[in-house]
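The values are calculated or read from the model by the stated rules, or taken from the named source; none is laboratory data. The shown structure was predicted, so the numbers you read here are calculated from the model rather than taken from an experiment. Methodologically, a virtual Cβ is constructed for each residue, glycine included, from the backbone with ideal geometry; neighbour enumeration extends over all protein chains shown.
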């Protein structure tokens, strides 16, 4: 798809990760959470108190599910079963700043995100 849209293709991966793996960055350990739906291999990275959600969960929104390999039902299951089970005060750091602020919390998204409160479903 990158070529179709005029972007350079992604470089080859240095390593592959799977659900439950740990990534070490300096003194920080990140748990890999497989969250398919936006893409089949979608992941989020969790460290106590913080979750990096990439294109899965935004502030007040969710990622796209209209690309090849995407699935709205799988996506919503990933969000509800993996992300919304994290502690409510976990800070959500999305991959894009589409919301009215750059970060949120799991509890705030549960209460206000229209994709999670049923407004769009």
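Of note:
Listed here are the residues, each with its yes/no results for (1) surrounded by fewer than 19 Cβ atoms within 10 Å (Cβ to Cβ); (2) in contact with a strand residue (DSSP E or B) (Cβ under 7 Å, 6 or more places away or on another chain); (3) in contact (Cβ under 8 Å) with a residue 24 or more places away in the chain.
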{"site": "62", "(1), (2), (3)": "no, no, yes"}
{"site": "78", "(1), (2), (3)": "no, no, yes"}
{"site": "100", "(1), (2), (3)": "yes, no, yes"}
{"site": "104", "(1), (2), (3)": "no, yes, yes"}
{"site": "110", "(1), (2), (3)": "yes, no, yes"}
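- The lone exception for residue 100 - which of (1) outside any loop (DSSP other than H, G, I, E, B); (2) farther than 23 Å from residue 16 by Cβ it fails: (1)
- Among residues of the range 18-52, those that are surrounded by 10 or more Cβ atoms within 10 Å (Cβ to Cβ), part of a loop (DSSP other than H, G, I, E, B), over 11 Å from the mean Cα position of the chain (by Cα) and at pLDDT 95 or above, counted: 4
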